[in-house]
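The values are calculated or read from the model by the stated rules, or taken from the named source; none is laboratory data. Predicted model, so just to flag it, every value in this text is computed and none were measured. In this analysis, Cβ positions are derived from the backbone assuming ideal geometry, glycine residues included, and neighbour counts consider all displayed protein chains. When the accessible area is computed, the model is the full protein with side chains, heavy atoms only, and any ligands, DNA or RNA have been set aside. Shrake-Rupley method; radii C 1.70, N 1.55, O 1.52, S 1.80 Å.
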Amino acid sequence: MARVKLENVGLTYHTEAGEVTALRDVNLTVQDQEFVAIVGQSGCGKSTLLSLVSGLLKPTQGLVKIDGVTVQGTSKRVGYMLQQDYLFEWRTILDNALLGLEIGREKTQERVEEVKEMLKAYGLGGFEHYYPSQLSGGMRQRVALIRTLATKPDILLLDEPFSALDYQNRLSVGEEVVKILRERKKTVLMVTHDIPEAVSMANRVVVMTPRPGTIRSIHSIKMCDEGLTPLQTREVPEFRQYFGAIWKELNADAK
Amino acid sequence: MPNENYSAEHLAYLRSLRLKALLVRGTQLLLLVGIFVLWEVAASRGWINAFISSQPTRIWAAVVRLAKEGELWRHLGWTVYETVLGFSIGTAVGIAVAILLWWSAFFSKVMDPYIVVLNSVPKVALGPIFVVWLGTTITAVVAMAIAVSIIVAIMMMHTGFKEVDPNLIKLVRTFGGTKGQVLRKVIIPASVPTMIAALKVNVGLSLVGTIVGEFLASKAGLGYLIIYGGQVFNMSLVMASVLMLLVVSVILYYAVTLLEQRVMRGRA
Ligand SMILES: Nc1ncnc2c1ncn2[C@@H]1O[C@H](COP(=O)(O)OP(=O)(O)O)[C@@H](O)[C@H]1O
Ligand SMILES: [Mg+2]
């Protein structure tokens, strides 16, 4: 079943300095519970694409649909995780995790309990009343994920979610996040410029051209379909082949 | 925090730090005492004219006399009352205007040149206007205190609002947050440190406004006392009032610092 569908989507930014066409002719379908990773050079419109799906931006061409309905604005069904955790330093961990519920006026006792359970389940029990500055990078990223999951979106948009972490943390946090998202049967669209990360986590990897960005090719990754975790995927021989093929395509554009 | 695990070397280092800090404090105190002693000696030996310069013992006598007559608290009270009133109104209105400027880019662009010009005008020049409009009343004094402090409050707060990380705003918008929610959940709480900084500047400015206001339009307060003392050539009274003014400004500043410590607790 198709959850997200982009039909001939294009987006042009207008500013005083001029106009920039960030995306053109993007056609992409994301199936239910699929994990799609998007790779491309910086500035090729990856973040723009996520903003379009989230409803923060409206396409200047084409249509973005979720479950067959054209996106008109932000929706509770879609959760968006930004490039950094952007935790509010003046809020406790619990209050940070509750931000989305507060904004959507859904902060009932029951939902609060659920969020507390999630914090416990993901290794943050006992940190509820700490402030973000007292946590490590990996823990902060988990809080950001819980904040996104708290509003129970079934589609998740992840914009380079691990780029602020060091290499060691990226691997372990990535492993956990994928486990969590699979358990909860989420549909995921993740942007990254890290090819190994994309190959290790996704069912399909979308390669984009430089600006104006459009889809160059799509690679189906069989390890994810077979249920391997990201760390396991990195161990199989085919991993290098996928990496090589995608790397070559990305570099074909680099001058 | 004392820690028994520190090495002897580290303990010696800490001791030398404490010693240095103590030395600075001691010298500061000595300087203050020195100035007063020199002043007193110079005046009583006739090196300087005590009628014009007054002297510490006479100033103290003036303070004691005022206290006995019950006048001290009345004048102090007025000045503190007017300053706190001007400061509170100036800050509250300043924050409200800054919110409007943040809310509407159009309004902010329209107001920009007016604010720049108003900021560069010496506000004390408006004093006589307030006196004509409002009479020699407490209202005129408070108006002066507000006039001196409000523009800076507006500018500091608006700049603070604009400097909030746009990604925090984007985050609220990803949850479908409205502009009002962005204001309440991000802009205001993120600007608390700026607000404290503005309060610190404003408490001093409001005091300036109050004193100038009392110069022009008052029958009470330290500003009135200074002008009165000057008119009757009672320099001890003038100096005593100035010293009390110093004490008031330190206390008000300290109050804001206490507030800061309360509010900033737990923050990074
Ligand atoms: N708000 C904006 N206004 C104008 N141009 C923008 C804006 N946001 C992004 N762009 C431009 O659009 C292009 C794509 O940006 P982005 O989607 O952030 O790329 P990526 O996430 O792949 O690095 C870039 O060239 C960028 O400069
Ligand atoms: Mg980006």
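Here is a check on your reading of the model: is B:GLY26 loosely packed, with under 13 Cβ neighbours inside 10 Å, at pLDDT 95 or above and more than 16 Å from B:LEU237 (Cα to Cα)? Break it down into steps so the answer makes sense when it comes.
Details: loosely packed, with under 13 Cβ neighbours inside 10 Å: yes; at pLDDT 95 or above: yes; more than 16 Å from B:LEU237 (Cα to Cα): yes.
The answer is yes for B:GLY26.
In the range A:14-30, what residues are in contact (Cβ under 8 Å) with a residue 24 or more places away in the chain and near ligand 1 (Cβ under 9 Å from one of its atoms)? Break it down into steps so the answer makes sense when it comes.
Taking the range A:14-30 as the starting set, the residues that turn out to be in contact (Cβ under 8 Å) with a residue 24 or more places away in the chain are A:20-30.
Answer for the range A:14-30, where residues must be in contact (Cβ under 8 Å) with a residue 24 or more places away in the chain and near ligand 1 (Cβ under 9 Å from one of its atoms): A:VAL20, A:THR21, A:ALA22, A:LEU23.
Got a number for residues in the range B:160-216 being at the interface with chain A (Cβ under 10 Å from one of its Cβ atoms) and aromatic (Phe, Trp, Tyr)?
Residues flagged as at the interface with chain A (Cβ under 10 Å from one of its Cβ atoms) and aromatic (Phe, Trp, Tyr) within the range B:160-216 amount to 1.
Need a quick list: helices (runs of 4 or more DSSP H) entirely within the range B:1-105 having at least 3 residues that are farther than 30 Å from B:GLN181 by Cβ, of a type in the set (Val, Ile, Thr) and within 28 Å of the chain's Cα centre (by Cα).
Numbers: elements: B:8-44, B:50-53, B:56-69, B:71-103.
Fully inside the range B:1-105 and qualifying: B:8-44, B:56-69, B:71-103.
Filter the range A:34-70 down to residues that are polar (S, T, N, Q) and within 10 Å of ligand 2 (Cβ to nearest atom) and give me whichever is most open to solvent (accessible area, probe 1.4 Å).
Here is the first cut: in the range A:34-70, the residues polar (S, T, N, Q) are A:41-42, A:47-48, A:51, A:54, A:60-61, A:70.
With within 10 Å of ligand 2 (Cβ to nearest atom) added as a condition, the list becomes A:42, A:47-48, A:51.
On the way: A:SER42: 105, A:SER47: 45, A:THR48: 14, A:SER51: 11 Å².
Here the answer is A:SER42.
Could you give me the residue pairs with C-beta distances under 7 Å whose first residue belongs to the range A:149-164 and is within 11 Å of another protein chain (Cβ to nearest Cβ) and open to solvent by less than 20 Å² (accessible area, probe 1.4 Å), whose second residue is within 13 Å of ligand 1 (Cβ to nearest atom) and part of a loop (DSSP other than H, G, I, E, B) wherever it lies, and which are 6+ apart or on separate chains?
If the second residue must be within 13 Å of ligand 1 (Cβ to nearest atom) and part of a loop (DSSP other than H, G, I, E, B), the pairs left are A:ASP159/A:LEU82; A:ASP159/A:GLN83.
In the set A:THR108, A:THR92, which member is among the polar types (S, T, N, Q), more than 14 Å from chain B (Cβ to nearest Cβ) and either open to solvent by 30 Å² or more (accessible area, probe 1.4 Å) or touching a residue at least 12 places away in the same chain (Cβ under 8 Å) (or both)?
A:THR108
Which condition does B:ALA105 not pass, out of (1) aliphatic (A, V, I, L, M); (2) within 14 Å of another protein chain (Cβ to nearest Cβ); (3) open to solvent by less than 40 Å² (accessible area, probe 1.4 Å), if it passes all the others?
Of (1) aliphatic (A, V, I, L, M); (2) within 14 Å of another protein chain (Cβ to nearest Cβ); (3) open to solvent by less than 40 Å² (accessible area, probe 1.4 Å), only one is false for B:ALA105: (3).
Which condition from (1) among the basic types (Lys, Arg); (2) within 15 Å of ligand 1 (Cβ to nearest atom); (3) in a strand (DSSP E or B) is the one that A:ARG3 breaks?
(2)
Checking B:LEU171 against (1) surrounded by 22 or more Cβ atoms within 10 Å (Cβ to Cβ); (2) among the hydrophobic types (A, V, I, L, M, F, W, C); (3) under 19 Å from the mean Cα position of the chain (by Cα), only one condition comes out false. Which one?
(3)
Each row is one residue, and each column tells you yes or no for (1) over 16 Å from B:LEU76 (Cα atoms); (2) in a helix (DSSP H, G or I); (3) open to solvent by 40 Å² or more (accessible area, probe 1.4 Å); (4) touching a Pro at 6+ places or on another chain (Cβ under 8 Å).
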position	(1), (2), (3), (4)
B:ASN167	yes, yes, yes, no
B:GLY177	yes, no, no, no
B:LYS185	yes, yes, no, no
B:ILE188	yes, yes, yes, no
B:LYS200	yes, yes, yes, no
B:GLY213	no, yes, no, no
B:LYS219	no, no, yes, no
B:LEU245	no, yes, no, no
B:VAL256	yes, yes, no, no
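Among the residues of the range A:40-74, write down those that are within 12 Å of chain B (Cβ to nearest Cβ) and either in contact (Cβ under 8 Å) with a residue 40 or more places away in the chain or among the basic types (Lys, Arg) (or both).
Within the range A:40-74, A:SER47, A:LEU50, A:VAL53, A:SER54, A:LEU57 meet the criteria.
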